[in-house]
Each structure stands twice: as C-alpha cells, then as structure tokens.
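**Q** Below is the structure I would like to discuss, written out as structure tokens.
The values are calculated or read from the model by the stated rules, or taken from the named source; none is laboratory data. Bear in mind the structure is a predicted one, so any value in this text is a computation, not a measurement. Don't worry about glycine lacking a Cβ; one is built from the backbone with ideal geometry, like all the others, and counts go over all protein chains shown.
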Amino acid sequence: MDTAALMDKAFTQADYAVNITDKQGALIKVNQAYLDLYKFGSEAEVLGRTQKIIRSPKTPVTVYKEMWNTILSGITWRGNLNNIAKDGSEVFVHLTISPVREAGEIVGYMGFSLDRAQQVQLEKELFHANKLEVLATMGAGLAHELNNPLASILLDAEYLRDALAGPGSSIDRPTASLAANSVINGVERMKKVLGHLLMYSRKEGSGGRKHSTLTLAQLIEDSFLFLERQLRSRGIDIAVEVESDLFLHGNRTQLESVIHNLLTNSRDAFEGRKGGKTIRIEGRMDADGRVLIEYRDNAGGIPEPLRKRVFEPFFTTKKDMEGTGLGLAISHKIISEHGGTISCDSANGETVFHISLPGLPKDPPEPDGLIE
Ligand SMILES: Nc1ncnc2c1ncn2[C@@H]1O[C@H](COP(=O)(O)OP(=O)(O)OP(=O)(O)O)[C@@H](O)[C@H]1O
Ligand SMILES: [Mg+2]
C-alpha cells in the first residue's frame, strides 16, 4: 500500500475524532470516530458545513470567540466544552484545534475531540490504581502496625491475669489501672489502623468521593499511619510542625494519599544514602486564608532538568523499583481538584514540595469522624 493510501486509512480509522476545516471553518474532512461521536450517518451529511452543526447552547459564545481569536492568531486552542450530537444529545469533549499552515499562511484547521466521558473513566481507573498501590505499601506496614500494639496488649493482659490469679491475690491497683489503660490504648490504635485500611479499600463512588471537614494536623498524622515505622526503621527523622487549628474541606482518602505519595518518594530517595535523614512538614495559614503545607526532605534533591517533569504521568526514575510514575501526577490532580496548587523546588540536596489549599475559617463545625 502506498503512503498516501495508508495515511488516509490511518486518518479514517483513528480512535480520536478528527476533523479538518478550511480557513473559514467549513468542514472538508472528518473521520469515522467523528461521525460516531456526533452521531452522523455519513461524511456527506457534514461536508461543507461549519462546526455550528455541533454547537450546544450550553457553551457560552465567549468560548467560541476566545477559540477563534486564539486560532486566528496562529496558536493551538485547547479546552473542555459541550457540543451537541445530531440526535440532540450532549457530548462533552476536550477539544484541541490547531492551525494548518502552508508557507507560513494559515490554510485550514484541524480539530481533535476527545470524549470526556472516556477520559473521566480513564482518570477513575488511574485513581483506583494509585489507591491499590497505596494499599500495597500499607499492607507491608500493617503487620508492624498491628504487631506492636498486639504484643503490648498481650503483656498487659498477662500481667492482669497473673495479678488476679489465686484466691488471696493482692493486686497493685495503680499498676493494674496502667495496664488496663495500655490495653485500651493498644486496641484503639489498632481500630484506627483498621479503620483507615477500610476507608482506603472502599471503591470510589461508595463514599470514597465524600468531602468532609478535616484538620490539617490530623490529616498529616494519619498519612503516617502505615509508614511511620518503615521510615523510622530506615533512620529517617520526622519533624512535623503544623498549627493545630487549620481546617480544610476535602476528601480525606485522596488528601492523605497525597502526603502518603510524598512520604514514599522520600523513603525511596533516601535508599542507600548516608548521613542525617530528615523529613520536615510545616503547615500554616497565610493572610488570604489559604492553608500552606511545606514538605521537605534532604534525600539528595532532584536535578533541574528532571524537576520540571516530576508531575508528568509515567515520569519515573525508578524503573528497577517498579515505579509507575503516577504518584505525583495523581497527587497534582487531587490537589487541583481541591482548588489548590502543588509545586516542587530543589536546592542543596533538598527537595521541597509547596502545597496550597483553600482553608476554612478558624472555628468551623466539628471535624467529621473517621468512619464516614
Ligand atoms: N523526594 C524526592 N526526592 C528525589 N526525587 C524525587 C522525590 N520525589 C519524586 N522524585 C522523582 O520524581 C519521580 C516521579 O515521582 P512519582 O511519585 O510521580 O513516581 P515514582 O515514585 O517514580 O513511581 P510510584 O509513585 O509509582 O512509585 C520519581 O521517580 C523521582 O525521580
Ligand atoms: Mg512515587
């Protein structure tokens, strides 16, 4: 098959809806995915007409104005908008329109429509994949987290049993009371660890997307639940300085997994390094009422050319450790969806992540309980 015929077939069969227009915006070619997406029977139905045939009244005129201004000035336009299919149903797409040039002159435009429904499904799968990964690290930490309180509960319970043994036993009440309290504390710690495990393993949609009022200090403390021992056993010091009265509104599972991702990245970066190892987390509120989190480690830093790429999906330097390169990409998405920003700096062997999130007034209603 010659190249032109192959290109024609590739165009017609491409998975993305593609359309080509002349410079006035009249359609001169569309592919099968375009016809399917907008529910047209054949190319003949649309050729010569403008994109107005898929315009939805839901999309403000200003969007089209801005789109035309952009492409007329020779720049690619990208955005999400509502279109309408032939049968009147709504089609929500991510649209990219690029000018096509000949000898510097714009001769037409090429549009790609990505069905947002498809994209949203893909994103959901990515979220779930990251959650499974977080769960896997938790699985490793879980044995530690449960073994420790179990061992101390067993000791205390044995002490109480022995102290109570025999008819004439004289029990030392203060010591017995300490032992009983320690049993209660141990059980509560285990309950908390298991509660978190349940919360993480819940599927999105069955409560997993729920937003609630959270305190930053609690959020950070809970993010450590499954990693603290792993970090400490590697000689990593943890310093947390978070103001106690900072409130956020958000999805607990997702926000915890952001901190969890940062912690596992630091843990990996410290691997094989010598010298003092520290993770420092600071939290405060700025004058505009935003909650600022500064997350810092001294695990070597990230060299300049790589730093720009850390939030890219699938960017990883851990091929040998089976890194997916999704940790920071998903964290970035979670923070953006909470109306926040996350950025990365690195200098002198240190890596710093700055997170900014909308805060709540200092005295909001009681934070919600763990099991929602
Ligand atoms: N604290 C850090 N110190 C040094 N490099 C880091 C740090 N955090 C991230 N990186 C770099 O950024 C890359 C991307 O991180 P990201 O969390 O997105 O993926 P990953 O950790 O490689 O894979 P996964 O999250 O699936 O384990 C890492 O591979 C690493 O090179
Ligand atoms: Mg990671």
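**Q** Could you tell me which residue of region 311-327 is nearest to ligand 2 (Cβ to nearest atom), considering only residues that are touching a residue at least 40 places away in the same chain (Cβ under 8 Å) and not in a loop (DSSP other than H, G, I, E, B)?
**A** Filtering region 311-327 for residues that are touching a residue at least 40 places away in the same chain (Cβ under 8 Å) and not in a loop (DSSP other than H, G, I, E, B), the one nearest to ligand 2 (Cβ to nearest atom) comes out as Gly327.
**Q** For Ile330, only one of the following conditions fails: (1) within 16 Å of ligand 2 (Cβ to nearest atom); (2) more than 18 Å from the chain's Cα centre (by Cα); (3) farther than 23 Å from Arg232 by Cα. What is its number?
**A** (2)
**Q** For region 314-327, what are the residues that are under 20 Å from the mean Cα position of the chain (by Cα) and within 8 Å of ligand 1 (Cβ to nearest atom)?
**A** Scanning region 314-327 gives Phe315, Thr316, Thr317, Lys318, Glu322, Gly323, Thr324, Gly325, Leu326, Gly327.
**Q** If I ask for residues that are without any contact (Cβ under 8 Å) to a residue 12 or more places away in the chain and more than 38 Å from the chain's Cα centre (by Cα), which ones from region 42-66 would you list?
**A** Ser42, Ala44
**Q** For residues in region 341-366 being touching a Lys or Arg at 6+ places or on another chain (Cβ under 8 Å), modelled with pLDDT of 95 or more and of a type in the set (Gly, Ala, Ser), which is nearest to Leu263 (Cα to Cα)?
**A** Ser346
**Q** Just for strands (runs of 3 or more DSSP E) wholly inside region 191-310: which have at least 3 residues that are of a type outside the set (Gly, Ala, Ser), closer than 28 Å to Ala129 by Cβ and at pLDDT 90 or above?
**A** 290-297
**Q** Considering only residues of region 330-349 that are in contact with a strand residue (DSSP E or B) (Cβ under 7 Å, 6 or more places away or on another chain) and of a type in the set (A, V, I, L, M), which is surrounded by the most Cβ atoms within 10 Å (Cβ to Cβ)?
**A** Ile335
**Q** Of the conditions (1) more than 22 Å from Leu126 (Cβ to Cβ); (2) within 12 Å of ligand 1 (Cβ to nearest atom); (3) out of contact with any Ser or Thr (no Cβ under 6 Å at 6 or more places or on another chain), Ala299 fails just one. Which one is it?
**A** Evaluating Ala299 over (1) more than 22 Å from Leu126 (Cβ to Cβ); (2) within 12 Å of ligand 1 (Cβ to nearest atom); (3) out of contact with any Ser or Thr (no Cβ under 6 Å at 6 or more places or on another chain) leaves (3) as the failure.
**Q** Assuming Asn82 fulfils every condition listed in (1) surrounded by 13 or more Cβ atoms within 10 Å (Cβ to Cβ); (2) under 22 Å from Gln119 (Cα atoms); (3) out of contact with any Lys or Arg (no Cβ under 7 Å at 6 or more places or on another chain) apart from one, which condition is it?
**A** For Asn82, the failing item is (3).
**Q** If you go through region 222-244 one residue at a time, do you hit one that is crowded, with 22+ Cβ neighbours inside 10 Å, over 20 Å from the mean Cα position of the chain (by Cα) and not aliphatic (A, V, I, L, M)?
**A** Within region 222-244, not a single residue is crowded, with 22+ Cβ neighbours inside 10 Å, over 20 Å from the mean Cα position of the chain (by Cα) and not aliphatic (A, V, I, L, M).
**Q** Mind checking which residues of region 128-160 are hydrophobic (A, V, I, L, M, F, W, C) and either modelled with pLDDT under 75 or not in a helix (DSSP H, G or I) (or both)?
**A** Listed by number, the residues that qualify are Ala129, Leu132, Val134, Leu135, Ala136, Met138, Ala140, Leu142, Ala143.
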